[in-house]
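Report on one structure; see the data block that follows.
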Amino acid sequence: MKILYFGDLKDITLKREEIIDLEAIRIKELKNLLSDKYPQLRESFLKNEIRIIINGKDYSFTGGDETLVAKDFEIALFSPVGGG
């Protein structure tokens with residue numbers, strides 16, 4: 001599956017995109033995998049601050065953390081937006 005990083009997430013991961021070579025994974029497991037790989041993401045995932053878009057749809061409308069994503073999916077991650 002292709003993971004796309006936007007905003008500050010590009011600075012944390014030092015990449016705009018990467019391929020995760022798995023047949024399928026649930027979003028909650030993907031969050032854990034990415035948190036292990038990029039520890040700076042862990043708190044934002046725990047607070048649900050990172051917006052997750054799966055094949056163009058917000059994951060909260062596809063089943064949330066239980067959403068199963070397959071190897072041909074595209075997952076876009078958007079950093080938390082600060083306001084003021």
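The values are calculated or read from the model by the stated rules, or taken from the named source; none is laboratory data. Owing to the predicted nature of the structure, the values given are computational and were not obtained by experimental measurement. Glycine gets a Cβ as well: all are built from the backbone with ideal geometry, and neighbour counts include every protein chain shown.
Every condition in (1) over 18 Å from Thr13 (Cβ atoms); (2) exposed (fewer than 14 other Cβ atoms within 10 Å of the Cβ); (3) not hydrophobic (A, V, I, L, M, F, W, C) holds for Tyr59 except the one numbered (2).
Of the set (1) under 14 Å from Ala24 (Cα atoms); (2) polar (S, T, N, Q); (3) touching a Pro at 6+ places or on another chain (Cβ under 9 Å), all apply to Ser44 but (1).
Restricting attention to helices (runs of 4 or more DSSP H) lying wholly within the chain, give those where 3 or more residues are modelled with pLDDT of 95 or more. Steps first, answer last, please.
Details: elements: 8-13, 27-37, 42-46.
Per the criteria, 8-13, 27-37.
For the stretch 65-78, does any single residue satisfy the condition of being under 15 Å from Asp8 (Cα atoms), surrounded by 11 or more Cβ atoms within 10 Å (Cβ to Cβ) and among the hydroxyl-bearing types (Ser, Thr, Tyr)? There is no residue in the stretch 65-78 that is under 15 Å from Asp8 (Cα atoms), surrounded by 11 or more Cβ atoms within 10 Å (Cβ to Cβ) and among the hydroxyl-bearing types (Ser, Thr, Tyr). Residues of the stretch 22-39 that are touching a residue at least 40 places away in the same chain (Cβ under 8 Å) and over 10 Å from the mean Cα position of the chain (by Cα): Leu22, Glu23, Ala24, Ile25, Arg26.
Pairs meeting the criteria (first residue in the stretch 40-58 and of a type in the set (Phe, Trp, Tyr), second residue assigned to a helix (DSSP H, G or I), beta carbons under 8 Å, at least 6 apart or on different chains) are Phe45/Lys31; Phe45/Leu34; Phe45/Ser35.
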